[in-house]
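First comes the structure, then the notes that go with it.
The values are calculated or read from the model by the stated rules, or taken from the named source; none is laboratory data. A quick note: this is a predicted structure, and the numbers were derived from the prediction, not measured. Glycine also receives a Cβ, built like all others from the backbone with ideal geometry; neighbour counts cover every protein chain displayed. Quick note on the areas: whole protein, heavy atoms, side chains included, nothing else; ligands and nucleic acids left out. Shrake-Rupley method; radii C 1.70, N 1.55, O 1.52, S 1.80 Å.
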Amino acid sequence: VRKKKVRIHVTDDVGQNIEGAKITLNETIPHFHLGCSSTEAILNSKPYQNWFIPRFTATSFNNEMKWYYTEVYQGKENYTVPDAMVSFFQNHRISIRGHTILWANREAIPFWAKILSRGKKGNLPNREILNASIRRMVSIVSRYAGKVIAWDVFNENLHYSYYEDEVIGPNASGMIYQIARALDPKTPLYLNEFNVIEHLMDIQVIPSLYVEKVKQIRSYPGNEKLVIGLGIQGHFGSRPNVSHIRAVLDYLGETKMPIWFTELDIKRGPNQAAHLEDVLREAYAHPAVEGIIVWGGWKPTGCNQTCLTDRNFDVLPKGCAPMCLTDNYFNNLPTGDVVDKLIREWKTTNVEGVTNKNGTFETNVFQGGYSLTISHPKIPSVVQKKIRVINENAGALELSISL
């Protein structure tokens, strides 16, 4: 499902087929993103940069774009760290998911922007909370529009309903997605939820309710044609049920909406790496899934020796990351080895061949961007082109090159 046949036909300047032309194809960027979350620690650690950059094509910031990070005190925004991170990843051609514009959990917004208890006056009146939230949307979206490949608009809005219950009312989701689309008409907008695939018994996020949430947002006047991507976090606290994952993806895939695994990690334990590989392979195998972010953003306090050697797998030590891909010396852990293995497996490198008597060469490659090189003794100089291989149409991608 991730591959496509490419057929290259080479002719001379009068249209005659060229036999024996040497063809070389090298993938420059994959169509399917396998990425990793990141923290501000990447800005000041050259060894971590050297580990991260060659591996991943996408990232999502653990906390650094969230409202409670950029506006700790009302009216005092500080984008110094996320600005630096955006610049860093742009310079290295690593795509960024915008995570997150707003969070529906009242415990995950700035302390000053929430009602302290239901039904009682809090730090701000409802209208001022709404105004502050809209200012936040304008601030973050206008700042990074065109610099991110997706927006997690309203984080965990199936589990939490602070804006519906206490700030705006039942139309909160539709209104917020409409504002996000108006602020950034081009970048894909996503829901982002946990337990969609992790726990069968979480009735708040069963697939039918996830689809109903999309319908609810699109029922808001003006949202009828809104495309809403489905973000599946994937924080597994127990052994992944691969059959359940497949069934959920089949159901959600019927919506024809894009799907991403946005925050994938696996509970610590002796089988962590094996379970990670199971989920990664299942996600990659499903045609509806367009990318994966492994939730393994490194910071020295989260992946230190104490964190890595603790064997009480049912209790996460304070400050430790649930899943690390590398230790603090940037030696791969078993989870990192799994990621590296799959990066190699899902990439096309150094495809070489020659055209036949009909001037044709064909091969199967993973979808993505490629550099194409063609040479022949009759040609005075090597021909180089950039091509894009994607599954837009059935059949082979036909390329006619006249030398």
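Here are a few things to note about the model shown:
- Contacts under 8 angstrom Cβ, first residue in the stretch 305-320 being touching a residue at least 24 places away in the same chain (Cβ under 8 Å) and within 21 Å of residue 62 (Cα to Cα), partner assigned to a loop (DSSP other than H, G, I, E, B) and open to solvent by less than 100 Å² (accessible area, probe 1.4 Å), 6 or more apart: 308/324; 308/327; 308/333; 316/268; 316/322
- All of (1) within 21 Å of the chain's Cα centre (by Cα); (2) under 24 Å from residue 49 (Cα atoms) hold for residue 308 with one exception: (1).
- Residue 227 fulfils the conditions (1) more than 24 Å from the chain's Cα centre (by Cα); (2) free of Cβ contacts under 8 Å to residues at least 40 places away in the same chain; (3) more than 30 Å from residue 324 (Cα to Cα) except for a single criterion, (1).
- Scan of the stretch 325-335 for residues that are open to solvent by 30 Å² or more (accessible area, probe 1.4 Å) and either in contact with a helix residue (DSSP H, G or I) (Cβ under 6 Å, 6 or more places away or on another chain) or assigned to a loop (DSSP other than H, G, I, E, B) (or both), ordered by number: 328, 329, 330, 331, 333, 334
Residue-by-condition table, conditions (1) under 26 Å from residue 262 (Cβ atoms); (2) in a loop (DSSP other than H, G, I, E, B); (3) at pLDDT 95 or above:
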| position | (1), (2), (3) |
| --- | --- |
| 291 | yes, no, yes |
| 313 | yes, yes, yes |
| 337 | yes, no, yes |
| 343 | yes, no, yes |
| 353 | no, no, yes |
| 380 | no, yes, no |
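- Single condition residue 270 does not satisfy, out of (1) open to solvent by 50 Å² or more (accessible area, probe 1.4 Å); (2) in contact with a Leu (Cβ under 6 Å, 6 or more places away or on another chain): (2)
- Residues of the stretch 69-110 that are touching a residue at least 40 places away in the same chain (Cβ under 8 Å), within 19 Å of residue 160 (Cβ to Cβ) and over 16 Å from the mean Cα position of the chain (by Cα): 102, 103, 104, 105, 106, 108, 109, 110.
- Residue 322 vs. criteria surrounded by fewer than 17 Cβ atoms within 10 Å (Cβ to Cβ) and assigned to a loop (DSSP other than H, G, I, E, B): no
- Identity of the residue in the stretch 293-311, part of a loop (DSSP other than H, G, I, E, B) and among the polar types (S, T, N, Q), that ends up farthest from residue 273 (Cα to Cα): 301
- Scope the stretch 201-225; condition hydrophobic (A, V, I, L, M, F, W, C) and either open to solvent by 30 Å² or more (accessible area, probe 1.4 Å) or in a loop (DSSP other than H, G, I, E, B) (or both); matching residues: 201, 203, 206, 209
- Filter result for residue 151 (touching a Ser or Thr at 6+ places or on another chain (Cβ under 9 Å), aromatic (Phe, Trp, Tyr) and modelled with pLDDT of 95 or more): yes
- The one condition from (1) touching a helix residue (DSSP H, G or I) at 6+ places or on another chain (Cβ under 6 Å); (2) surrounded by 17 or more Cβ atoms within 10 Å (Cβ to Cβ) that residue 43 does not meet is (2).
- Scanning the stretch 171-194 for residues that are free of Cβ contacts under 8 Å to residues at least 40 places away in the same chain and buried (at least 16 other Cβ atoms within 10 Å of the Cβ) yields a single hit, 172.
- Within the stretch 23-30, not a single residue is in contact (Cβ under 8 Å) with a residue 60 or more places away in the chain, open to solvent by less than 10 Å² (accessible area, probe 1.4 Å) and under 24 Å from residue 323 (Cα atoms).
- Answer from 143, 93 - the residue that is modelled with pLDDT of 95 or more, within 25 Å of residue 186 (Cβ to Cβ) and not in a helix (DSSP H, G or I): 93
- Here residue 256 passes the criteria (1) on the phi > 0 side of the Ramachandran plot; (2) open to solvent by less than 70 Å² (accessible area, probe 1.4 Å) except the one numbered (2).
- Scanning the stretch 157-170 for residues that are more than 15 Å from residue 114 (Cβ to Cβ) and either of a type in the set (Ser, Thr, Tyr) or open to solvent by less than 40 Å² (accessible area, probe 1.4 Å) (or both), we see that the one that is modelled with the lowest pLDDT is 169.
- Test: residue 134 is part of a helix (DSSP H, G or I), at pLDDT 95 or above and closer than 25 Å to residue 292 by Cβ: no
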